[in-house]
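These notes are about the structure you will find just below.
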Amino acid sequence: GQNIDQPTEMTATEGAIVQINCTYQTSGFNGLFWYQQHAGEAPTFLSYNVLDGLEEKGRFSSFLSRSKGYSYLLLKELQMKDSASYLCAVRGNSNYQLIWGAGTKLIIKP
Amino acid sequence: KAGVTQTPRYLIKTRGQQVTLSCSPISGHRSVSWYQQTPGQGLQFLFEYFSETQRNKGNFPGRFSGRQFSNSRSEMNVSTLELGDSALYLCASSLSRTELYNEQFFGPGTRLTVL
């Protein structure tokens, strides 16, 4: 079957760095997405990786290793507004459909 | 450019009733996907429409159905509501469906409560 695993919840301190991991087992691979979802709001796009390596975008970076079926989202200089759920999604081979993880709730403490 | 809009935002129904949710995608977007989100379950894919045709369907019972109109607006219908149908229903639109980098833009969702 197809499966995406993320930690359910993580806690970090304002100003620190946090890494949110995502492992996947899918039928084929055509890219991995990270989305951010604040409580009560719609998910918003953060990053897309299709090749191995690190993609940096301001305070956020996303890494992909296709051979290991693994990705992480790295958040630096954490701010209170980063408290949100972070969703990992993989586009497999089956009809271009996105397969979603359950999301990681990130709690930032002062 | 206006974002994805969903109506209504909140809905309270009782078991056995039916409900219709509406989604208007971003102008020019032809693909609309529907998801059910419940705490701890993540996004569960319901179906995807493109050019008025259902292209993909998730693992939901036949009580869940949808359609897309020629202007790309989409509706989903749930008949014979059950308590377990209480969830946030999200609609997402994208420009196409076959490009690998195909960002989905989400609407604010419809919060459905079944009593």
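Just one of the listed residues (B:47, B:60, B:69, B:64) is out of contact with any helix residue (DSSP H, G or I) (no Cβ under 6 Å at 6 or more places or on another chain) and within 12 Å of another protein chain (Cβ to nearest Cβ), namely B:47. Candidates are the residues of segment A:71-107 that are among the aliphatic types (A, V, I, L, M), within 14 Å of chain B (Cβ to nearest Cβ) and in a strand (DSSP E or B); the one that is nearest to residue A:41 (Cα to Cα) is A:84.
Applying the selection to segment B:64-84, what residues are touching a residue at least 40 places away in the same chain (Cβ under 8 Å) and either part of a loop (DSSP other than H, G, I, E, B) or among the charged types (D, E, K, R) (or both)?
B:72, B:73, B:75, B:79, B:80, B:81, B:82
For segment A:30-53, a tally of residues being of a type in the set (A, V, I, L, M, F, W, C) and free of Cβ contacts under 8 Å to residues at least 12 places away in the same chain returns 1.
Pick from A:72, A:86: which is within 25 Å of residue B:57 (Cα to Cα) and not basic (Lys, Arg)? Before you say what the answer is, go through the steps one by one.
Values: A:72 fails: within 25 Å of residue B:57 (Cα to Cα).
None of the other options fit; the residue is A:86.
Filtered by the rule that a residue be among the aliphatic types (A, V, I, L, M) and either assigned to a loop (DSSP other than H, G, I, E, B) or within 20 Å of residue B:37 (Cα to Cα) (or both), segment A:11-44 gives A:16, A:17, A:32, A:39, A:42.
Could you tell me whether residue A:58 is exposed (fewer than 15 other Cβ atoms within 10 Å of the Cβ), without any contact (Cβ under 8 Å) to a residue 40 or more places away in the chain and either of a type in the set (A, V, I, L, M) or under 24 Å from residue B:57 (Cα atoms) (or both)? Spelling it out, it is not the case that residue A:58 is exposed (fewer than 15 other Cβ atoms within 10 Å of the Cβ), without any contact (Cβ under 8 Å) to a residue 40 or more places away in the chain and either of a type in the set (A, V, I, L, M) or under 24 Å from residue B:57 (Cα atoms) (or both). Candidates are the residues of segment A:27-45 that are surrounded by fewer than 19 Cβ atoms within 10 Å (Cβ to Cβ) and more than 8 Å from every other protein chain (Cβ to nearest Cβ); the one that is nearest to the chain's Cα centre (by Cα) is A:38.
All of the numbers you see were taken from the coordinates with simple rules; none came from a lab. Computed from a prediction, not measured in an experiment: that's the story for all the values here. Here Cβ is always computed from backbone atoms with ideal geometry, including for glycine, and neighbour counts include all displayed protein chains.
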